[in-house]
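The values are calculated or read from the model by the stated rules, or taken from the named source; none is laboratory data. Treat the numbers as computed from the prediction; the structure is a model and nothing was measured. Glycine also receives a Cβ, built like all others from the backbone with ideal geometry; neighbour counts cover every protein chain displayed. What goes into the accessible areas is simple: the full protein's heavy atoms, side chains included, and nothing from ligands, DNA or RNA. Shrake-Rupley method; radii C 1.70, N 1.55, O 1.52, S 1.80 Å.
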Amino acid sequence: SLRKLNVVECLPELPAKLLSKITSCSFEVNKLVNKDEELWNSRNIIEFLLSLTEVKELRVDVRLPHRHSGAVPKMAAVEKLTLVLQDYEVDPAMDKYLLDFIKFQSITSCKLELGTKELENLSGVLERLKFKIPPTSVTEVVLSVGTEHRPADGRMPMCLLGEWCKAFGRLKDLTLEGRKDRTFGLIPFTTPLDAVKVVDCSNEQISGSLL
């Protein structure tokens, strides 16, 4: 039976019995839509995601154009969550992210993929990117960044990312990853080094201050 689902720019109409068996899903919606085109409605997007009642690995690359109202639902089965924020027209005061719409209470692994526009507005983006439930179950975090242009001061805003990581109270494993399809990444080294992984070797929690 179908266990893995890859959704690109559509909301598939599949039987609830089938969707309830999906354990891994990559979901990309409203990514390629221009400003003057109609976006998929946030309510319909969230309803589809909630139909994946047994999904354990979830990768979401989505623009949510409408505000949330009412109680915030939960996706209790998700253990590994990847949030992709890649070069949207960022307005930190207005934009909505997936964490505004759904509570993730069981995740142990969280990956954040950022692009150029997110780096330019990183302070505001991270201020808005808050979990509805404190992510104390998370032990592994991956920060993935790639930009087409070198920052003006030649440095990445590591301290801001470090502050954001402090929300993960039980962090044991922190990976800084550079995207291969972009020129400048998080790590100021030359290729072929693509990632640096910090692993707990002393049974103590890793602090975001390491960045």
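Numbers below:
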item: So Arg67, is it loosely packed, with under 13 Cβ neighbours inside 10 Å and at pLDDT 90 or above; result: no
item: Whichever residue in region 1-14 is open to solvent by 80 Å² or more (accessible area, probe 1.4 Å) and part of a loop (DSSP other than H, G, I, E, B) and, among such residues, is farthest from Asn41 (Cα to Cα); result: Ser1
item: Unmet criterion (only one of (1) over 22 Å from Phe104 (Cβ atoms); (2) at pLDDT 80 or above) for Phe184; result: (2)
item: Members of region 149-170 that are at pLDDT below 55 and surrounded by 13 or more Cβ atoms within 10 Å (Cβ to Cβ); result: Pro151
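Conditions (1) modelled with pLDDT of 90 or more; (2) within 17 Å of Lys130 (Cα to Cα); (3) in a strand (DSSP E or B), marked per residue:
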residue	(1), (2), (3)
Glu37	no, no, no
Phe48	yes, no, no
Ala77	yes, no, no
Val84	no, yes, yes
Asp87	no, no, no
Asp91	no, yes, no
Asp100	no, yes, no
Lys111	yes, yes, yes
